[in-house]
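See structure below.
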Amino acid sequence: MERELVHTDAVKEFYAKMSVIHLKKKDIVKSKVRGVEIEFDHEKLAIILGVPGNNGICEYMKDVWEESKYIKPLEITRRFANDETITAARRVKSSEMKPFQRFIHFLVMKNVIPRFGKRDTSSFMDLTYMDHLIARRLVNLP
């Protein structure tokens, strides 16, 4: 008999009993599965998953236009707005995007990182995520 890789009952119990405690500097996830207390923050979760601990959703939600090796805010804005004359990084409306870019935009907005409310504008982090998808670079999803 093959061993079960995912214990669906334990996963259901984890989510049913899960709570998020919002602290000043970070959020803590707490749950209890089969009598065992489970508690972690984004840093511990990053270690468990073996991914960089870059504040996860906190990094995704902020609207800071920082540059790095793969992230060039002005270049990304120009590429998705299809306008080389843009002089500063900014949000991009889906109406400015080419059809393939718009497809990726709606894929991200509705399926990968779903959200309620306004979906016709991409934030910097949305644009960065979409750029990484198109370039096939690895991403630490929030």
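The values are calculated or read from the model by the stated rules, or taken from the named source; none is laboratory data. It should be emphasised that the depicted structure is a prediction, and the values quoted were computed from it without experimental measurement. Methodologically, a virtual Cβ is constructed for each residue, glycine included, from the backbone with ideal geometry; neighbour enumeration extends over all protein chains shown. Note: accessible area is taken over every heavy atom of the protein model, side chains too, but ligands, DNA and RNA are not part of it. Shrake-Rupley method; radii C 1.70, N 1.55, O 1.52, S 1.80 Å.
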Where a residue in segment 75-87 is open to solvent by 60 Å² or more (accessible area, probe 1.4 Å) and its partner, wherever it lies, is in a helix (DSSP H, G or I), with Cβ under 7 Å and at least six apart: ASN82/GLU96; GLU84/ARG78
Meets criteria (at negative phi, at pLDDT below 90, in contact with an Asp or Glu (Cβ under 9 Å, 6 or more places away or on another chain) and small (Gly, Ala, Ser)) for SER95: no
Of all residues in segment 89-103 being under 12 Å from ARG79 (Cβ atoms) and within 18 Å of the chain's Cα centre (by Cα), the one that is most open to solvent (accessible area, probe 1.4 Å): GLN101
